[in-house]
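Below is one structure, written out as structure tokens, with a few remarks after it.
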Amino acid sequence: MSLDSISSKLPPGLAAFCSRWGKELGVVLALLLTLAAPWVLKPKESTASARYDRRLVIITPHNQKIRQEFATAFARYWKQKTGEKLNIDWRVQGTSEISIFLRSEYSAAFEQLWTQKLGKVWTREIAMAFANGKLAMPASGEKPTLEQEARKMFMESNASVGIDLFFGGGSYDFQKQAAAGFLVSSTPDGRNGVGELFAKHPDWFTDAVIPQSLSGEDFADKDRRWVGSCLSSMGIVFNRDALKRLGVTKEPTQWEDLANPLLAGQVALSDPNKSGTVAKALEQIIQQQMQLAIDDVKSHPKPFQSVKEQTEEGIGLGWERGLRLIVRICANARYFTDAATKIPLEVSQGDAAAGMCIDYYGRSFEEQVRKTDGTTRVGYVTPVGGSSVGVDPVGMMRGAPEPELATAFMEFVLSDEGQKIWNYRPGAPGGPEKAALRRLPVRRDFYTEANRQYMTDAAVQPFEDAKAFTYHPEWTMPLFDVIRFLVRVMCIDLHDEQRESWRILAQADFPPRATAMFEDTKLVNYQAALKLASDLKRNDKEQEVKTARELSAVFRGQYDKSRELSRRGQ
């Protein structure tokens, strides 16, 4: 396949890259195949025949069941309302691929505006600046730099990538797209967008229905560029038959249960560097340990220690306790997959006994293997006090070709009719047609006795569960990438050594010195982690590789020493 033939199939942003650099760099072919594969090889998904009146384009990581049920329901609703036949055109990718795609496409769209309409030169600096939400703008009276001018122009533009909505994923992913300027609160005329929904339905956006935030998690963007459409939390999926086979008599209820040495080689995990959901779960493990440590410190206060000092001490202790727990859980890992969706599948099949996953994955597989008598070998639990309740949002893209349809779709999803689709049983009045989605509605006022009689998860109380865990972004959000980095250098890169040390440690019944050596994380304590976060932000890949090698060497030495101590029973 020639470079030109590949380029012809690429989105405009990648095609522009190809035409500019592809003929000069032989390695571009491999790069293009890697980046373009999701779009070249994966067809678009449409839910209408070739004849339709209007088309709504939605980019999403949502699974096929969600796409099908919402496309069918919204198309039917719109047909009844307007008589128009819709084509719901889904662009399906994971959130990391969506981020790459949007950056590429908006870069191409704005480059065209910058060069053709303004006649200005497109440079690497402009390409980095136009979507930089942290770029400081000039003070009043100051002349803007070219980078500041580009950012201002992009934020005032209606640059389009031909997509109307971003639907599904975590609030972190949406906040990134909003900060870049790819999601907007309204169209230039102010008639469509999330902002219009706030104005049209002020009664929806209250603490009694959809709160602005809950227990530290944002349920809606303060600038109204996105809003939560359903709830999600992280938890543990497990196989009852596999647990019984391994001699585990108690079903897991807390993250600590995944560190049970009986589960050695039986815990399914994904690489947090490639899975935002597992990275979030690891962050919440640490946050839970921080809160427990703060409680411990406050129950045994030091003389003349202020509440602030107690909290800071607890945060530091909890960080190390959390890392130690993560090391033990990772030592039980069967593998670190690239795809979080693989975890519940392998657990349901019995290839793994337990794993971390987002709630609806766990509940969906629990449903799939349910027997006619109501029993199921798969279970799912959200650790009480160990996981926050967050949202999967929806938002409108800058330059949406069909802003009226986009706004109507968001309105439908948030309405009582749309919320029923998330958790009603198939065939129930207003519920999904074919499949139970097992997602929890975002509207607090939905959880009534009238609705619960039709819900697949009628017993779940997400707004009550949220009270047991308060997310503190200031504690760990600056360290999100550090957590990913440390798991790689401590666990993933050294998994063979780690698993062997864990096996010998368990055989020796966890002698104290050997155990302390195995899980020693003092080298990467909270203060060291903050410094590491600053270093990683510099994006100096050479230094990052050097740091990774140095830390891996230290932890490899600790695992080796732990084995020696275990064999001596120390």
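Can you bin segment 309-384 into rounded, prolate or oblate? Criterion: square roots of the alpha carbon gyration tensor eigenvalues sorted a ≥ b ≥ c, rounded for a/c under 1.5, prolate for a/b above b/c, oblate for the rest. Since a/c reaches 1.5 and a/b is larger than b/c, the shape of segment 309-384 is classed as prolate.
Peptide packing for 368-380, 536-548, 331-343 was compared via the average number of neighbouring C-beta atoms within 10 Å per residue; ordered from the highest value, the list is 331-343, 368-380, 536-548. Extension gain, Q570 to D509: 0.36 nm times the residue separation minus the Cα-Cα distance gives 20.9 nm.
Among the DSSP helices (H) of the chain, those spanning at least 20 angstrom by Cα along their long axis with an average Kyte-Doolittle hydropathy of -1.0 or more are 95-112, 276-299, 307-331; this is a geometric and hydropathy rule only.
Along the axis of the charge dipole computed for the chain (Cβ charges of +1 for Lys and Arg, -1 for Asp and Glu, origin at the Cα centre), the listed residues L263, M128, V307 are led at the positive end by L263. Which whole-number percent is the relative contact order of the chain (Cα, under 8 Å, 6+ apart)? Once divided by the residue count of the chain, the mean separation gives 16 percent. Hydrodynamic analysis of the chain uses the Kirkwood radius over alpha carbon pairs. Inserted into Stokes-Einstein at 37 °C and 0.692 mPa s, it gives a translational diffusion coefficient of 127 µm²/s.
Ignoring aspartates and glutamates fewer than eight residues from K537 along the same chain, the ones with Cα atoms less than 19 angstrom from its Cα are E125, D173, E283, E474, D481, E550. Gap in Å between the Cα centre of segment 161-215 and the Cα centre of segment 476-531? Segment 476-531 and segment 161-215 have Cα centres spaced 39 Å from each other.
In segment 374-440, a dipole from Cβ-located charges (positive for Lys and Arg, negative for Asp and Glu) runs towards its positive end, and of F409, T382, W422 it is T382 whose Cα lies farthest in that direction.
The Cα-based radius of gyration of segment 100-170, divided by its Kirkwood radius, gives an Rg/Rh of 1.00. Looking at the chain alone, DSSP beta bridges between its own residues are antiparallel in about 65 percent of cases.
The residue list F480, F469, Q498 was ranked by how far each Cα lies along the charge dipole of segment 452-504 toward its positive end, using unit charges on Cβ atoms, and F469 comes out on top.
The E251 and F463 beta-carbon pair, evaluated with R₀ = 35 Å, returns a calculated FRET efficiency of approximately 0.90.
Label point of S96 set 7 angstrom out along Cα-Cβ; within segment 266-281, amide nitrogens under 17 Å from it belong to 269-281. Both numbers refer to the Cα atoms of segment 217-360; Rg and Dmax are 17.7, 56 Å.
The simple spin-label model puts a point 7 Å past each Cα toward its Cβ; for R452 and R54 those points are separated by 3.9 nm.
Each residue, E417 and D560, gets one label point 7 Å from its Cα in the Cβ direction; the gap between the two is 6.8 nm.
Taking 4 °C and 1.567 mPa s as conditions, segment 384-436 diffuses translationally at an estimated 98 µm²/s according to Stokes-Einstein applied to its Kirkwood radius (Cα pairs).
Compared with the direct C-alpha span, the chain from N525 to A428 gains 29.7 nm at full extension, assuming 0.36 nm per residue.
For the chain, adding -39500 (n - 2.57) for each run of n ≥ 4 DSSP H residues and dividing by the number of residues yields -14500 deg cm²/dmol at 222 nm. Remark on segment 178-291: hydrodynamic radius 17.7 angstrom, per the Kirkwood mean of 1/r across alpha carbon pairs. Label separation (E544 vs E125): 2.4 nm, computed from points 7 Å beyond Cα along the C-beta direction.
Using a probe radius of 1.4 angstrom, the carbon and sulfur fraction of the accessible surface of segment 485-556 is 50%. Distance from the alpha carbon centroid of segment 400-433 to that of segment 98-132 works out to 34 angstrom.
The charge dipole of segment 396-518, taken about the Cα centre with unit charges on the Cβ atoms of Lys, Arg (+1) and Asp, Glu (-1), comes to about 220 debye, rounded to the nearest 20. Inter-part distance, segment 140-160 to segment 322-364, computed on C-alpha centroids, equals 45 Å. The order of the peptides 435-443, 398-406 by mean Cβ neighbours within 10 Å, most packed first, is 435-443, 398-406. Between N63 and D445, the contour length at 0.36 nm per residue exceeds the alpha carbon distance by 134.9 nm. Across segment 244-403, C-alpha contacts under 8 Å between residues 6 or more apart give a mean separation that, scaled by the residue count, equals a relative contact order of 31 percent. Normalised by the number of residues in segment 176-320, the mean separation of alpha-carbon contacts (under 8 Å, six or more apart) gives a relative contact order of 13 percent.
Ranked by the mean number of other Cβ atoms within 10 Å of their residues, highest first, the peptides 302-314, 253-265 come out as 253-265, 302-314. Size check on segment 70-218: the Cα extents along the three principal axes, sorted descending, read 50, 37, 31 Å.
Accessible surface computed residue by residue for segment 388-483, with neighbouring protein chains in place and a 1.4 Å probe, gives 34 Å² per residue. Rolling a 1.4 Å probe across the protein heavy atoms gives segment 294-356 an accessible surface of 44 Å² per residue. Taking R0 as 45 Å, what's the FRET efficiency between L118 and T206 from their Cβ-Cβ distance, rounded to 0.05? Calculated value: 0.55.
Here segment 428-486 is treated as an ellipsoid with the same Cα gyration tensor; its semi-axes, largest first and in whole Å, are 34, 16, 8.
The values are calculated or read from the model by the stated rules, or taken from the named source; none is laboratory data. Bear in mind the structure is a predicted one, so any value in this text is a computation, not a measurement. FYI the Cβ positions are ideal-geometry reconstructions off the backbone, even for glycines, and counts take in every protein chain you see. Note: accessible area is taken over every heavy atom of the protein model, side chains too, but ligands, DNA and RNA are not part of it. Shrake-Rupley method; radii C 1.70, N 1.55, O 1.52, S 1.80 Å.
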